[in-house]
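The values are calculated or read from the model by the stated rules, or taken from the named source; none is laboratory data. Owing to the predicted nature of the structure, the values given are computational and were not obtained by experimental measurement. Heads up, the Cβs are rebuilt from the backbone with ideal geometry, glycines too, and the neighbour counts pull from every protein chain shown. Protein only, heavy atoms only, side chains kept; ligands, DNA and RNA dropped before computing areas. Shrake-Rupley method; radii C 1.70, N 1.55, O 1.52, S 1.80 Å.
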Amino acid sequence: MESAHDLAETLRQADRAAAAPYVDYPPTPAWYPPATGLWAAAFCLAMALPDDGPLRTLALLALVVVELMFVVWYRRYRGTWPRGRAPEEIRRVLFAFVVGAVVVVGVVALVLWLTEPWVAAIVAFVVVTPTIAWYEKAYAAAAARVRVRLG
């Protein structure tokens, strides 16, 4: 019969294994936040292209292809893609990211609607870049807290 200590250790190991895809990963490259800001700026500029021809569609398609290429690269870079329920510390950061993303998209869309696309592109870069940088730091701090908790 297992002792309570053995059972507790087994549960802790299971928690560590479940959390591993969320907390054991290489650092995100420093170019990621500004590249994301540039992508958002390019999206704003693409929306300024005439919609009566194929140019806007091609530009948006190119942006989607760039994004998909990044996702494929990032998955290989990390060596895994987290699935399942994230640890509580990570869930809080992910929730903040989703709320922040909705706010940022709303702000950029409003600026795009009310002003010129080049203004929206500048706002997108200036807002998206530090927001993504914050998220990366917040995620890394949350992952560190999970690693400490699960020892």
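For this structure, a couple of remarks:
- Residue count, segment 40-59 (criterion: free of Cβ contacts under 8 Å to residues at least 60 places away in the same chain and either touching a strand residue (DSSP E or B) at 6+ places or on another chain (Cβ under 6 Å) or open to solvent by 70 Å² or more (accessible area, probe 1.4 Å) (or both)): 7
- Any chance Ala8 is at pLDDT below 95, among the aliphatic types (A, V, I, L, M) and open to solvent by 70 Å² or more (accessible area, probe 1.4 Å): no
- Under the condition of being under 20 Å from Ala142 (Cβ atoms) and not aliphatic (A, V, I, L, M), the residues counted in segment 91-116 number 5.
- Selection count, segment 21-34, where residues are open to solvent by 40 Å² or more (accessible area, probe 1.4 Å) and closer than 23 Å to Val111 by Cα: 1
- Only helices (runs of 4 or more DSSP H) whose full extent lies in segment 10-116 are considered here, and the ones with at least 1 residues that are closer than 20 Å to Gly151 by Cα are 88-114.
- Of the residues making up segment 100-129, those that are open to solvent by less than 70 Å² (accessible area, probe 1.4 Å) and within 15 Å of the chain's Cα centre (by Cα) are Gly100, Ala101, Val104, Val127, Val128, Thr129.
- Any hit, segment 130-150, residues being part of a loop (DSSP other than H, G, I, E, B), open to solvent by 70 Å² or more (accessible area, probe 1.4 Å) and touching a residue at least 40 places away in the same chain (Cβ under 8 Å): no
- Pair list, Cβ under 6 Å, 6 or more apart: segment 75-86 residue modelled with pLDDT of 85 or more, other residue acidic (Asp, Glu) and surrounded by 12 or more Cβ atoms within 10 Å (Cβ to Cβ): none
- Entry remark, segment 19-72: residues being under 13 Å from the mean Cα position of the chain (by Cα) and among the polar types (S, T, N, Q) number 2 in total.
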